[in-house]
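This report concerns only the one structure given below.
Any read-out appearing in this document is the output of simple, stated calculations on the displayed coordinates, not a laboratory observation. Source: prediction; values computed, not measured. Cβ atoms come from the backbone with ideal geometry, glycine included; neighbour counts cover every protein chain shown.
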Amino acid sequence: MRNVLKAATLENKFPLLAVEHDCIISKDADITIVYKVELPELFTVTSPEYEAMHASWLKAIKVLPNYSVLLKQDWFIQEDYQAETQKEDMSFLSRSFERHFNERPYLNHTSYLFLTKTTKDRAKQQSNFNALTRGFMVPKEIQDKETSLKFLESVEQFERIINDSGFIKLTRLTTDEIVGTENEAGIVEKYFSLSQEDTTCLQDMSLGAGEMKIGDKYLCLHTLSDAEDLPSKVETDIRYERLSTDRSDCRLSFAAPVGVLLTCNHIYNQWIFIDDHTENLKQFEKQARNMHSLSKYSRSNQINKSWIEEYLNEAHSFGLTSIRCHCNVMAWSDDYEEMKRIKNDVGSQLALMECKPRHNTIDTATLFWAGIPGNQGDFPSEESFYTFIEQALCFFVAETNYKSSPSPFGIKMVDRVTGKPLHVDISDLPMKKGIITNRNKFILGPSGSGKSFFTNHMVRQYFEQGTHVLLVDTGNSYQGLCEMINRKTKGKDGVYFTYTEQNPIAFNPFYTDDGVFDIEKRESVKTLILTLWKRDNEPPSRAEEVALSNAVSLYIDRLKYDKLVVPSFNTFYEFVQTDYVAILDAKKVREKDFDIANFLNVLEPYYRGGEYDFLLNSDKQLDLLNKRFIVFEIDAIKDHKILFPIVTIIIMETFINKMRRLKGIRKMILIEEAWKAIAKEGMADYIKYLCAPVKAA
């Protein structure tokens, strides 16, 4: 059966001539520069920052010459998350996390910027004389060299202004990225296939007036091409009600409803046409006079005259530049039935912007053709409306979806919009960028909001990346994680300290694996014994401090050369009771300077056979310096006058020892229910010390 439909090859209608020096040259002698645009992530930009971005775009556009066309093209393509399960060192929970989100659909955002220099005649060209309506294309001679050089210079200034803003980054595409290579598709091929993947296979296109198809994909187009379809007021950003409260605002750009919040495959095109400003105003002055002369015959002429005069007054009063603008949303789907839902979704999102949704079935092919990279001069002028640069820029999408952090260190989180897993660095990268000045974190939320759930998730991943984690827990929130780490390491790590009647909490502050007692270790032991000996309101005298310091130093020296002495509080007590008493007698230290009998009597409950003899005489010979996951569960002893101060000192000593001796290793202390710890004077001062901006690894 012979095909009787009218058909043409893409080669005959193709509007591009060449790509030279990273510039696209059309057959109508238009020059186009292409940039890839990197935008800030959504929900991370404040209202003043949106205004700053708007001001940067405004400054940049003003440097472009007359008869330039700016097209910002935002692609939102649905993709499926590919789980990363091939890493050899992945834990069971990490692998399960990846499998759970495998093939999770999400929208991937890619943004391009096309800057085109065309001519006065091309700028006024209508849809009846574009490349689709001509029988063949005859390449024209390129514009004079001086005009082209001035345009390229203005484009460089444009790029510098945008990049200097600090919010947006423009990266110029090379020739290979535009036309593609043998192994990778260029942006022209991607546009014709409506895909951002590396596809080099083009499909048939059906360019009908009522329906347009590319392969199996049905296209629908909604346009903003008439001032009557626009809202009465535009602004740089809007309040996002779903994440806003009475006390705080969550801001998104004005065009976000048709950008990151529109959940279907679509392209959002934002056009700005820079004509001759002076000529535009002269034309409007002429129209105003004509409307005035005809106003007596029609009230609509009188109204139009008043609108034109208001436009002219704004332009002259505030020095605004007259330009033309057009926006459209091009969505598609393989399923024809699904297209009905997509049409409704696009229309409802435009309605959220207070725009009048206009489903355009006539100009789909024409506007698609004008969106070809480098063919921006083919845009039909009747589809644009007059406005000012400030108002036109409000229709720009100013944010992108969440991106994974490039930092190698971080945790896995999930995009709150699409549920896509992301690699997020909340420590190193923000510090490097100057967003934060320290790595301290404060997790705040009501009961049942998921604080401990998130913290379990975070500390597990920190531990798997080599971090030393010390947790002060209340309520056994981390017992399961600690036991899992203990089983995984076959008892070498994952230490859990808690107090029960059957298994009371026990330490040995005198034991170290390597036998090293640095100044921090010595001071912590002295502070511990001083806490057991004196009350909070009973400060020691200078003579008592010296005597205690000498006792600790002599005992540590004994441990170094006498290997038969087992490090514990019992042997320390016996050393003071025998050898140190003899030393004091030899020195003739008076009882009023250091009452050794009182000292031994007060510390007797912690010696063998005493009420708390279990506390400082643990036989596990456990050195916490090299243990990477330690949990102190203090819920049962937080109000105990004897045990809590001792456990607090042990916690302080353990973490400070790690800070001083483990150079180049990441350390983290986490205090659950911190308000309870802050209520204790000693612990509050310690937390304040840790939060100070000290330079520790």
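Of the peptides 69-76, 498-505, 211-218, 445-452, the order by per-residue mean of other Cβ atoms within 10 Å, starting with the highest, comes out as 69-76, 211-218, 498-505, 445-452. Taking other Cβ atoms within 10 Å as a rough exposure proxy, THR116, THR648, THR85 sort from fewest to most as THR85, THR648, THR116. Counted by neighbouring Cβ atoms within 10 Å, the residues SER381, SER477 run from fewest to most as SER381, SER477.
Note on LEU152 and GLU235: the extension gain reaches 26.8 nm, defined as 0.36 nm multiplied by sequence separation minus the Cα-Cα distance.
Put a dot 7 Å past the Cα of ASP428, heading toward its Cβ, do the same for THR181, and the two dots end up 2.9 nm apart. Centroid-to-centroid, using Cα positions, segment 150-227 and segment 44-89 are 13 Å apart. Between TYR336 and ALA8, what FRET efficiency follows from the Cβ-Cβ distance if R0 is 25 Å, with the result rounded to 0.05? E between TYR336 and ALA8, to the nearest 0.05, is 0.50.
If the segment from CYS250 to HIS640 were pulled out straight at 0.36 nm per residue, it would be longer than the present Cα-Cα gap by 135.9 nm. For the residue pairs LYS62/LYS305; LYS233/LYS305; LYS169/LYS233; LYS72/LYS403; LYS412/LYS526; LYS13/LYS305, the C-alpha atoms sit more than 31 angstrom apart in LYS412/LYS526; LYS13/LYS305. Take every Cα pair under 8 Å whose residues are at least 6 apart in sequence, average their separation, divide by the length of the chain, and the relative contact order is 15 percent. When only Cα pairs below 8 angstrom with a gap of at least 6 residues are kept, segment 156-211 shows a relative contact order of 17 percent. Over segment 204-357, the hull volume per residue, using the convex hull of the C-alpha atoms, is 176 Å³. Less than 5 angstrom separates the built amide H of GLN78 from those of ASN108, ASN265, all sequence-distant by 5 or more or on a different chain.
Taking amide H atoms as placed 1.01 Å from N in the peptide plane, the amide H of LEU670 lies under 5 Å from those of LEU470, LEU471, VAL472, each 5 or more residues away in sequence or on another chain.
The alpha carbons of the chain occupy a box of 119, 65, 47 Å along the principal axes, longest dimension given first. For the chain, the longest principal axis of the C-alpha atoms and the axis of helix 299-318 are separated by about 50°. Look at the Cα gyration tensor of segment 399-452: its axes a ≥ b ≥ c give a/c of at least 1.5 with a/b at or below b/c, and that counts as oblate.
Hey, which aspartates and glutamates would be in cross-link range of LYS490, C-alpha to C-alpha under 20 Å, not counting anything within fewer than 8 residues on its own chain? Cross-link targets: GLU88, ASP89, GLU464, ASP513, ASP619, ASP623.
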